[in-house]
1. Taking the Cα atoms of the stretch 132-235, what is the range of coordinates along each of the three principal axes, in descending order and whole Å?
2. Of all the accessible heavy-atom surface of the chain, with the other protein chains kept in place and a 1.4 Å probe, what percent is carbon and sulfur?
3. At 1.4 Å probe size, what's the solvent-accessible area of F61? Round to the nearest 10 Å².
4. Which one of I17, A200, L151 has its Cα pushed farthest toward the positive end of the charge dipole of the chain, where Lys and Arg give +1 and Asp and Glu give -1 at the Cβ?
5. Please report, to one decimal in angstroms, the Kirkwood hydrodynamic radius of the chain built from all distinct Cα-Cα pairs.
6. State, as an integer percentage, the relative contact order of the chain based on alpha-carbon contacts under 8 Å between residues 6 or more apart.
7. Working out 0.36 nm times the residue gap between T153 and M13, then minus their Cα-Cα distance, what length gain in nm do you get to one decimal?
8. Mind checking the per residue accessible area of the chain for me, 1.4 Å probe, whole number of Å²?
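The values are calculated or read from the model by the stated rules, or taken from the named source; none is laboratory data. From a predicted model like this one, the values you see are computed outputs, not experimental measurements. Backbone-built Cβ (ideal geometry, glycine too); neighbour counts: all protein chains shown. Heads up: the accessible areas ignore ligands, DNA and RNA and are worked out on the full protein's heavy atoms, side chains in. Shrake-Rupley method; radii C 1.70, N 1.55, O 1.52, S 1.80 Å.
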Amino acid sequence: MNILSLVLDMMVMVIIILITATSIRRGLITSIIEFMGVIISAIVSSLLASYMSILNYNLFFKSHLMAVIDNAIGQKDAVVSQQAFDALPIFVQNEFRLNGITEENILNDSNAYSTITESVEAQAAPVIMAFITKILMVIIFTVLMAMIVTLSTKLAKKLKLEEFNTLNNVLCAVFGIFKAVFIIMILIILLNLIVMMSSADSVKVFNQALNDCLLFKFLYNINIPLFIINLVTGA
């Protein structure tokens with residue numbers, strides 16, 4: 001296990017411990033409300049952001065992307081496949097490489113489309129929509145959770161329930177752990193955004209570290225919000 005893998009796993013452990021301890025301190029009612037809130041926020045923000053990204057892509061990004069690709073492959077003495085690949089945003093290039101699409105084979109399916117530009121755009125569209133979705137989802141989730149935490153705090157104060165017996169503490173810990181898991185999934189999406197906007201070498205280093213992780217890799221692979229995003233956007 002390399003240093004980055006250790007850091008990622010330690011980050012997961014620290015977040016789980018902190019959120020679990022906070023849940024025990026805040027009480028059972030607050031823990032239940034926030035547990036339900038984090039699940040609802042994750043699902044609602046995933047779906048809402050997915051549909052918003054599709055609309056935004058079609059309205060604001062698609063025509064611009066096609067113009068950039070068209071201009072790149074139209075340059076004199078250009079290697080079409082190389083220029084088409086380089087015209088794409090860095091996060092699309094990184095995602096393509098992870099899925100085996102490179103400068104050499106990006107035009108393999110171009111015969112199914114009227115133009116090369118349409119072929120490249122069709123491949124890039126799901127990746128771009130997923131990227132926009134992740135950004136929107138993190139924003140929407142943060143706003144919803146801020147509202148839920150505020151609501152749960154006010155409700156707990158109003159009810160004035162302060163039971164700290166063993167059973168309550170155990171239940172608070174359980175709800176806290178599950179709440180922490182969903183919050184970590186959102187943080188993983190945010191980290192994924194940052195990594196995919198980095199260089200190809202940085203992406204490679206991150207993926208190597210991911211393969212050596214234990215907890216982080218497990219939550220990365222069962223990331224429910226990310227699964228919803230990929231399902232809706234087709235990425």
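1. Taking max minus min along each principal axis of the Cα atoms, the stretch 132-235 gives 53, 28, 22 Å.
2. Details: 8610 of 12650 Å².
Ligands and nucleic acids excluded, carbon and sulfur reach 68 percent.
3. 90 Å²
4. Towards the positive end, the residue furthest out is L151.
5. Details: mean 1/r = 0.0503 Å⁻¹.
After inverting the pairwise mean of 1/r, the radius is 19.9 Å.
6. On the way: 251 pairs, mean separation 99.3, N = 235.
Normalised by residue count, the contact order of the chain is 42 percent.
7. On the way: separation 140, 0.36 × 140 = 50.40 nm, distance 2.51 nm.
Length gained between T153 and M13: 47.9 nm.
8. Working: 12650 Å² over 235 residues.
Computed with neighbouring chains in place, this is 54 Å² per residue.
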